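Here the structure is laid out as structure tokens; the discussion comes afterwards.
Read-outs: derived from the displayed coordinates by stated rules, not from any lab. Keep in mind that this is a model prediction, so the values were computed, not measured. So basically every Cβ, Gly included, is an ideal-geometry build from the backbone, and we count neighbours across all protein chains shown.
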Amino acid sequence: MTQNIADITLEKLTYGGDALGRLDDGRAVFVPFGLPGERVRVRLVDEKRGFARAELLEILEASPERIKPRCKHFFSPRPLGEGTGVRSCGGCHYQHLSCENQLKAKTEILRDQLQRIGKLENPPVKPMVASPDEWNYSNQIQFHLTQDGKLGLPEAGFISALIPITECHLPEGAINDLWHQLEFEPDQEIVGVSLRAGMDDDLMLVLESETPETPDLEIEAGISITHIYDENTIVIAGNDHVYIRILERSFKVSAASFFHVNTKMAEKLVEYLLHHLPISPTTNLLNIDCGVGLFSAFLAPKYKQIIGIESSHSEFEDFAANLDEFDNVELYEGLAEEILPALAEQIKNLSCVLVEPPGTGIEKAALDAIINIKPQTIAYVSCDPSTLARDAARLISAGYRLDEVTPFDISPQTIHIGSVSIFTRA
């Protein structure tokens, strides 16, 4: 190794999008945009005692699975002797793999996380459910603004650095038709620019800042425009929400509310839960982190009672609007670990808990409260395999058995791995 340059062989893909190899001293080295089996030349950019991170300079021996990426912003190293690749967008991670191979890689990453973090010897991971659309599937795109007012995304490996974006192949068609037209003055105090598509190509532009001053924007398209600062949403034009249709049912989704970006995969998640949950008209369901009510809306007709808990005020209000027709639904706003003890008598004979935590997983106090309820079944909808593995270990140590984990390719071309895990009391 000379001046932090090393030639290594990559062994496997790891969670986060990197490929893992070994330096001569045995340390693990993580390399973005590499593939297993490739011989590569790298430059070490961050060295620790037990591992290092590196940037890919050249591919000396390419994997037969490597394909040409669709987007010009995706990393494309130059041939040996022609220098390094161009600055790369960090939004996609796997455009150099076919979607078939992406499914295999993500499934193995999920299995690896459950084994290493969750200490599960043989995790019951099912084949990954593929997205019907490999491209142009996302109902939302989120940008940052460069100093000169251009739409940009974080550069791969440099979260604080932005690169201007002129093409993106992930958003739905209506979003892609519009975002190129957005123009901003330089040095505006806007920290985020989002576009969300609803039914019938209805669009909502969301501008995020840290001040109440309305951002300066000129746009002639007939779309809704909102400004979010702190926890306030100001309507500049149109409405503060769109409606998104899932399995012929419409859901109100406000500017500040989370919703699954892949509409067709959201439908597959609903169908999975309807088929795998222990549904009975004589039992109750507790839905924690219930969001705008996507799953509860389809489960409410099938249970005696649905009890929802949601800490986001925006999603709380959307849930109330989306499930207003049901008399057997109760909704509480706040943190699960604070609300569950107050519901102890009401939920002591609960048969099923459905939890939809953020990427950080279930907060420990909330998980302890769920375990104290002693539901027979816990369905865990995860968007992060590492926190799923951590929480699975806690549930298993508390007497639960992991029956199955079904991964969903919610965001092709990216590192994101959705899954639903079914736990039952042993």
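Return the lysines within reach of K302: Cα separation strictly under 21 angstrom, same-chain partners fewer than 8 residues apart disregarded; answer none if there are no such residues.
Result set, ordered by chain and number: K268, K348.
With +1 assigned to the C-beta of every Lys and Arg and -1 to the C-beta of every Asp and Glu, and no other charges, what is the dipole magnitude of segment 5-96 about the Cα centre in debye, to the nearest 20?
It works out to roughly 320 debye.
Using amide H atoms built in the peptide plane, which far-off residues or other-chain residues are under 5 Å from N287 H to H?
I307, G308, I309, L354
Relative to the compact globular guide of 2.2 N^0.38 Å, what is the alpha carbon radius of gyration of the chain, as a ratio?
Here the Cα radius of gyration is 1.04 times the empirical estimate.
At E271 and K12, where each label point lies 7 Å from the Cα along Cα→Cβ, what is the point-to-point distance in nanometres?
Calculated label separation equals 3.2 nm.
Could you pull the Cα extents of segment 140-243 along its three principal axes, largest to smallest, in whole Å?
The principal-axis extents, from largest down, are 35, 32, 23 Å.
First measure r as the distance between the Cβ atoms of A393 and N136, then evaluate 1/(1 + (r/R0)^6) with R0 = 30 Å and state the FRET efficiency to the nearest 0.05.
Approximately 0.20, to the nearest 0.05.
Determine the dipole magnitude for segment 246-375: charges of +1 sit on the beta-carbon of Lys and Arg, -1 on that of Asp and Glu, nothing else is charged, the reference point is the Cα centre, and the result goes in debye to the nearest 20.
It comes to approximately 500 debye.
About its Cα centre, what dipole magnitude does the chain give when the only charges are +1 on Lys and Arg Cβ and -1 on Asp and Glu Cβ, stated in debye to the nearest 20?
Computed charge dipole of the chain: roughly 2340 debye.
Distance between the C-alpha centers of segment 30-52 and segment 198-271? Whole Å please.
So the two Cα centres are separated by 39 Å.
Two-decimal Rg/Rh of segment 5-96 from alpha-carbon positions, Kirkwood Rh?
Ratio value, two decimals: 0.93.
From the helices alone, meaning DSSP H stretches of at least four residues, give me the mean residue ellipticity at 222 nm for the chain, per-run term -39500 (n - 2.57), in deg cm²/dmol to the nearest 500.
Result for the chain: -5500 deg cm²/dmol, rounded to the nearest 500.
Distance between Cα centroids, segment 87-157 to segment 298-316: provide it in whole Å.
29
Looking at I378, L145, S257, which one has the Cα that reaches farthest to the positive end of the dipole of the chain (charges on Cβ: Lys, Arg +1; Asp, Glu -1)?
Farthest towards the positive pole: I378.
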